[in-house]
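Heads up, the thing below is written out as structure tokens.
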Amino acid sequence: MLRTDTTAPTRTAPITHFQRRSGTSWESLIQSDSRAFLSHSILCISSFILYMILNWPGVILISRLGVTVWYPAVAFAFALMLVFGPRYMPLFAIAGSAAGMLIYHQPLYSWGTLVGAPLGALAYAVAAHLLRGPIKIDSSLGQRRDVMKYVLATSIAAIFAALTGALCLWGDHSIHANEFWSTTLDWYIGDTIGLLSVAPFLLIHVLPWVSKQTLSSETPRQDSGPTKTNTGFTYFQILEIIGQVAAFVGVFWIMFGASASDQLIYPVFLPIIWIAMRQGIRGAVTGLLGLNFGVVVSLRLLSVPANVFTKLGLLMLAVSATGLILGSAVSERQRIADDLKGRTIFLNSLIENSPFGIVVQDRKGAIQLCNQAFTNLFQFKPSEIIGQNLEDLVAPADLGPEAKRIASEVNSGEAVHSCVLRVRKDGLPVHVELHALPLIKDGKVESGYVIYKDISEQVKAADDAKGHQAEMNRWVEELQLRNMQITLLNEMGELLQCAKSSEEAYDVVGQTAQKLLTGVSSGALFIHKSSRHSLKMAASWGSGCAGESSFAPGDCWSIRKGQPHWSECPTRSINCAHVNNSIAANYLCVPMVAHGETLGILHLQCHPDTAGDAEAAQKSQDSLKRLAVAAASQIALSLANLHLRETLREQAIRDPLTGLFNRRFLQESLDKELQRAKRKGRSLAIIFLDIDHFKQFNDIFGHDAGDSVLQSMAHIFQSQFRAEDLICRYGGEEFAIILPESSIQDAANRGEALRLAAKDLRLVHHGVVLDPVTISIGIVGFPDHGGTSQALLERADKCLYQSKADGRDRLTLASI
């Protein structure tokens, strides 16, 4: 209140960024941006005009003494920045400077215009930023802590603004040095009255509507508060409002009446307290605005002594702060009361309508409250329950200690959840699910409540199910066993289908059979040798098979019969000759037949049954026999398919005459070896050779002799080269040899040794001595003579023909 200069510090509200939503078309985004820009433009222009109007001398009511009572322009600017953001500060800084020049004729180059208005606006912008962010408050001011933060922040900001304004007035020689502190106080009171009366009214009643109507396309700051939207009034409320207005009129008459003295200004607290106590913060801010405006108008219309101005300013300041704090406290209490009432109604409805029996008891166990479900469950009347001890009422005598233990745990602050037996009024037992929980107040257990759920039907159903449980468990276990066996059989079949060799297949059988045939102590897989004169153990599992590891097919009855055969040792039954008769065990031999051919037998060893239950033993024996037959069939079929695949593969990659790899395998292997050599940075050599004058062997000695020469040369190749070297019959009498990780010189040495070995070969066919054999050789190396298989083979072929052109029986190395 009371300012000697009317230059108004203001602030700038931030223009918030346009919100964009994913999936929105460009046209709608442009339209949204245009609407937002127009809304901000309207808000800025209207705020500038309103700020200038609120700076007008007729509005702020400059008194005849040269002071102002309040400064609503600052309150308007601060409220706008608090709701929409402190980035509107430049707008109000410019508006403050414009008001100083246009309304109060301050020079452009003056401290008040260039420094006072911007710094004052900045002080309030900082306060708005703090209240929006670090010390965040609800702009509806519905809680006391928010009001205290608001009063503290605005008061501090007003101090900086007042000091800045007074310094600028002194710098512009508008006041003398001895007037500095009185001017600062008047400036501070005027700003603070506006901030505590006008700004709260705008925050609660005006700006929320403005932000909703004007900036509907934006997302301005949303504050939750205890505001009420109901605008209807009862007759009593209308009479109360009339009485409050009358109280204001009476207070103004007492304060400014002709016969009133300056000692009678303090009754102004009474209507504010009345309004705050009855209507909370929303009524309080309206009453404060009306009160301060009435005081200002009264000062304008009436003649008031100069010494009353400062007292009135301090009074308006005190009343505004008191009204805000009291109104927020009342609103907060009303909100708490409404919440408590709502919760009480909810809890009462929950208790009464709950399908579970609920009872509340004190620490001694006396029942204080119960619902209808509890009375229906135990068939008591409400009059028979209230005040009675809960344990004595529903707990049977033999369960008294248990009931007391539960009550003791609840009284100690622990929750109890249990299924217990209780009795009804007629003495019939009731199985209930009990939940006993303590009610704690100020860290002490005041009482407890118990929830009962009738589970008698569930208990009865559980008792009835026990009679069938054992039978069901037995069937379930058997089904699980069958399912496990089927799964393992399928897995074994899949693994056997993926096996690359017979040895790998035998390993699969040995590992899978141990899991599949759980009723046996050990087992073995016997396979026919190629001669089919004996069976040899290919795989075994368990503790070790008691018997021979190799035997003749005739020693096994299952091979003879073509059916599974049991041997029981050491009894004198018909036992297989390959089992150990001295060991007490039962043996099962199952022939493995596929495509009409017996591949071997599946041999199992079991511990003898000593329980004496012949029927159970027979069932176990039959079950094992069925499983073993299924496993043997699966194994036999898979092994037969594997043997067929191995035979076809050998035929596909081997030359049937020499047993060497064929040309197709050479091409595939050469590509792989080249990739490996490139990856490891190693060398590789290729030998191409041809038997000289091979056609003469066929013409002179016949094709059988030629075949004999080719087979003999194949034996020499296999003896002269390493196991990892790939020896292939390239076609006719031509051969190719791949030497991985060998240099061309190593290949030349070995090729020369091969040439000499072939030359020394003496062949006799059907008693006829054949002519000596000579070979021509061409050798290339990777990477010196090519990087692809095609290039290397062509180069090797050229070297071979060079050896033939030079007279045969020689070796030619490719040149770099």
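The values are calculated or read from the model by the stated rules, or taken from the named source; none is laboratory data. Here the structure is a predicted model, which means the values were calculated and not measured. Positions of Cβ are generated from backbone atoms using ideal geometry, with glycine treated the same way; all protein chains shown enter the neighbour counts. To get the accessible areas, we keep the full protein, side chains included, count just its heavy atoms, and leave off ligands, DNA and RNA. Shrake-Rupley method; radii C 1.70, N 1.55, O 1.52, S 1.80 Å.
When each pair of different Cα atoms in the stretch 691-747 is counted once in the 1/r mean, what is the Kirkwood radius in angstroms, to one decimal?
Averaging 1/r across every pair of different Cα atoms and inverting gives 12.6 Å.
Long-range amide H contacts for Leu369: which residues qualify at under 5 Å (H placed 1.01 Å from N, peptide plane, sequence gap of 5 or more or a different chain)?
Result for Leu369 returns Val360.
Tell me the mean residue ellipticity at 222 nm calculated for the chain from its helices only (DSSP H runs of n ≥ 4, each -39500 (n - 2.57), averaged over every residue, nearest 500).
Value at 222 nm, helices only, nearest 500: -18000 deg cm²/dmol.
Which whole-angstrom value gives the distance between the alpha carbon centres of the stretch 88-103 and the stretch 347-386?
Here the answer is 70 Å between Cα centres.
Quick one: compute the contact order of the stretch 436-559, relative version, from alpha carbon pairs under 8 angstrom and 6+ residues apart, as a percent.
So the answer I get is 13 percent.
Near the amide H of Ala539, under 5 Å away, which other amide H atoms are found, from residues 5 or more places off or on another chain, if H is placed in the peptide plane?
Amide H to amide H, under 5 Å and 5 or more residues apart or across chains, Ala539 pairs with Leu525.
To the nearest 10 degrees, how steep is helix 502-516 against the longest Cα principal axis of the chain, on a 0 to 90 scale?
Once rounded, the angle reads 60 degrees.
If packing is taken as the average count of other Cβ atoms within 10 Å, what order do 665-672, 472-479, 151-158 fall into, highest mean first?
So the order, starting with the most tightly packed, is 151-158, 665-672, 472-479.
Could you work out how far apart the two model spin labels at Glu794 and Ala552 are, taking each label as a point 7 Å from the Cα in the direction of the beta carbon, and quote it in nm?
With each label point 7 Å from Cα toward Cβ, the separation is 6.4 nm.
Lys and Arg at +1, Asp and Glu at -1: add these up for the other residues within a Cβ distance under 13 Å of Phe701 and post the number.
Computed value for this residue: -3.
Tilt of helix 663-680 relative to the longest C-alpha principal axis of the chain, in degrees (0 to 90, nearest 10)?
The angle comes out at about 50 degrees.
Quickly work out the Asn411-to-Ser383 label distance, labels modelled 7 Å from Cα along the C-beta direction, and quote it in nm with one decimal.
3.0 nm
Please determine, in degrees from 0 to 90 and to the nearest 10, the orientation of helix 703-720 with respect to the longest principal axis defined by the Cα atoms of the chain, where the helix direction is its Cα long axis.
50 degrees
Is the shape of the stretch 486-620 best called rounded, prolate or oblate, per the rule: a/c under 1.5 gives rounded, else a/b larger than b/c gives prolate, else oblate, with a ≥ b ≥ c the square roots of the Cα gyration tensor eigenvalues?
The shape class here is oblate.
Under 8 Å for C-alpha pairs, at least 6 residues apart: give me the relative contact order for the chain, rounded to a whole percent.
Relative contact order for the chain comes out at 7 percent.
Given a 1.4 angstrom probe, what's the average accessible area per residue across the stretch 351-412, in square angstrom?
With the other protein chains kept in place, the stretch 351-412 gives 54 Å² per residue.
How far apart, in nm, are the 7 Å Cα→Cβ label points at Asp392 and Leu301?
Spacing of the two 7 Å Cα→Cβ label points: 7.7 nm.
How would you order 461-469, 313-321 from highest to lowest mean count of nearby Cβ atoms within 10 Å?
313-321, 461-469
What lysines sit close enough to Lys453 to cross-link, taking a C-alpha to C-alpha distance under 20 Å and skipping anything fewer than 8 places away on the same chain?
Within the straight-line cut-off, Lys453 pairs with Lys381, Lys404, Lys425.
Using packing as a proxy for protection, rank 357-369, 136-148 so that the peptide with the highest average count of other Cβ atoms within 10 Å comes first.
136-148, 357-369
Relative contact order for the stretch 735-816: what is it in percent, counting Cα pairs under 8 Å that are at least 6 residues apart?
29 percent
Would you work out if the stretch 563-637 is rounded, prolate or oblate? Take a ≥ b ≥ c from the square roots of the eigenvalues of the alpha-carbon gyration tensor; rounded if a/c is under 1.5, else prolate when a/b is larger than b/c, oblate otherwise.
Here the stretch 563-637 falls in the oblate category.
In whole Å, how far is the Cα centre of the stretch 639-655 from that of the stretch 400-430?
78 Å
Rounded, prolate or oblate: which fits the stretch 517-588 when a ≥ b ≥ c are the square roots of the eigenvalues of the alpha-carbon gyration tensor, with rounded for a/c under 1.5 and prolate only if a/b beats b/c?
Oblate, since a/c reaches 1.5 and b/c is not below a/b.
How about Lys500: which aspartates and glutamates have a C-alpha closer than 15 Å to its C-alpha, ignoring those fewer than 8 places off in the same chain?
Glu646, Glu650
Among the aspartates and glutamates, which have Cα under 17 Å from the Cα of Lys678 when same-chain residues fewer than 8 positions away are ignored?
Glu668, Glu741, Asp784
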